[in-house]
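Below is one structure, written out as structure tokens; comments come after it.
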Amino acid sequence: MKKAKLVLEEGSIFEGEIFGAEKESAGEIVFNTSMTGYQEILTDPSYKGEIVCMTYPLIGNYGINTDDFESSKSHVNGFIVKEFAEEPENWRLKRKLEKYLNENGITAISGIDTRALTKILRRQGTMRGIITTENLGEEKLIEKAKEAPGLSGRDLVSLVSRKKIKKYGAGNKYKVVLVDCGAKANIKNSLLKRNCEVIMVPASTSARKILDFEPDGVMFSNGPGDPEAADYVADTIANLLGEVVIFGICLGHQLLGRACGADTYKLKFGHRGANHPVKDLSTNRVYITSQNHGFAIREESLLDLELELTHINVNDKTVEGFKHQKYQAFSVQYHPEASPGPEDSHYLFDQFIEMFKGGKDA
């Protein structure tokens, strides 16, 4: 395979081999600690603008199937692995990972010491970088890495959100508007399994338009980029508070916080993986969760707001959930639909439905 380099803006250069699309890619380099689920990761819109390093050393061993897509295409800017399986084996296998990456124009590099790379990112924080086959001098490569687009201040939601309204599960008992900030397919599927009609709308949809659907509840999904750059969605949430039951997931959680007056900030290296412990403060129970985010709500900014902290990250004590003390609105930073990851938090969808179920069943 053709030689390639992974170049970080701080000057680190890793040599490996290109697989997937043979083109240069640039973005913010992050790492994910999941042992499985690379297909869901590749197709999760929340990874828009990012080059993802998988810490598990062997990727692609079960190939690509038709069941585990989280959206219709891949969204990562690039993919980094220690080793990829050239001959995958699985009963659901439809095509090889390498072929899928080629078809979707995704540049990937293998043969990288992903452990060393992850240690750099943990120590210094996520940073911009490039994957390239160009044989330039080190200084020029590092300059190109420094010019790669980061995530801070960028509205990436508008790039991944759907453009048209679409309805699923017509005739189901409950009606939920899902505001698509980059929603994973299994959020919609989790609602459909619970007898909900799901109306997916663009992130730019106004509060008035949402209320015109007469929903039982409104959900704000996960999505990519800096929540501060998507304050137009936070404004919509602010106009919906008190009008309808609201549930926010991941970016939706951050935007609900901003709508209520809380601040967000960028984490040093983020939370990306399927093994993050989160404590429910009402029960002291710890759940193992699936996460993918680079920004968080600043806990001290919750003071003097009508918000109650409900969940914290066991590892670093960051905010993982809160609820509004006056209105029917709550959110979590992690992914209750998992995909990939543990199913510990599926109950949150039931909790959401219970909040409006009484009036519907009366």
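The values are calculated or read from the model by the stated rules, or taken from the named source; none is laboratory data. Computed from a prediction, not measured in an experiment: that's the story for all the values here. Backbone-built Cβ (ideal geometry, glycine too); neighbour counts: all protein chains shown.
I need a count of the residues in region 320-361 that are over 22 Å from GLY37 (Cα atoms), aliphatic (A, V, I, L, M) and either under 16 Å from the mean Cα position of the chain (by Cα) or not assigned by TED's automatic domain parsing to the domain that holds SER282 (or both).
0
List pairs: first residue in region 282-293 and small (Gly, Ala, Ser), second residue part of a strand (DSSP E or B) anywhere in the structure, Cβ distance under 7 angstrom, at least six positions apart or on different chains.
That search, which allows pairs on different chains as well, returns SER282/THR310; SER290/ALA274; SER290/HIS335.
Going residue by residue through region 85-95, is there one that turns out to be part of a loop (DSSP other than H, G, I, E, B), on the phi < 0 side of the Ramachandran plot and buried (at least 18 other Cβ atoms within 10 Å of the Cβ)?
Scanning region 85-95 turns up no residue that is part of a loop (DSSP other than H, G, I, E, B), on the phi < 0 side of the Ramachandran plot and buried (at least 18 other Cβ atoms within 10 Å of the Cβ).
Specify the residue that is nearest to the chain's Cα centre (by Cα); the eligible residues are those in region 212-230 that are surrounded by fewer than 23 Cβ atoms within 10 Å (Cβ to Cβ) and among the hydrophobic types (A, V, I, L, M, F, W, C).
Ranking the qualifying residues of region 212-230, first place goes to ALA229.
Take residues that are within 20 Å of the chain's Cα centre (by Cα) and surrounded by fewer than 19 Cβ atoms within 10 Å (Cβ to Cβ) and tell me which of the strands (runs of 3 or more DSSP E) falling wholly in region 107-211 contain 1 or more.
196-202
For the subset of region 16-52 comprising residues that are among the β-branched types (Val, Ile, Thr) and part of a loop (DSSP other than H, G, I, E, B), which member is surrounded by the most Cβ atoms within 10 Å (Cβ to Cβ)?
The selected residue is THR43.
From the residues in region 57-84 that are assigned to a loop (DSSP other than H, G, I, E, B) and among the aromatic types (Phe, Trp, Tyr), which one is nearest to the chain's Cα centre (by Cα)?
PHE69
Quick one: in region 231-259, of everything that is in a helix (DSSP H, G or I) and among the small types (Gly, Ala, Ser), which residue is surrounded by the fewest Cβ atoms within 10 Å (Cβ to Cβ)?
Among those that are in a helix (DSSP H, G or I) and among the small types (Gly, Ala, Ser), it is ALA238.
Give me the pairs: first residue in region 237-255 and of a type in the set (Phe, Trp, Tyr), second residue buried (at least 22 other Cβ atoms within 10 Å of the Cβ) and assigned to a helix (DSSP H, G or I), beta-carbon distance under 7 Å, and six or more apart or on different chains, which are they?
Going by the 7 Å Cβ cut-off, the qualifying pairs are PHE247/PHE352.
Which condition number in (1) surrounded by 15 or more Cβ atoms within 10 Å (Cβ to Cβ); (2) in a helix (DSSP H, G or I); (3) over 21 Å from the mean Cα position of the chain (by Cα) is the one that GLU300 fails?
Unmet for GLU300, out of (1) surrounded by 15 or more Cβ atoms within 10 Å (Cβ to Cβ); (2) in a helix (DSSP H, G or I); (3) over 21 Å from the mean Cα position of the chain (by Cα): (1).
Kindly provide the set of residues from region 56-82 that are touching a residue at least 60 places away in the same chain (Cβ under 8 Å) and closer than 20 Å to LYS5 by Cβ, ordered by number.
Scanning region 56-82 gives a single hit, ILE80.
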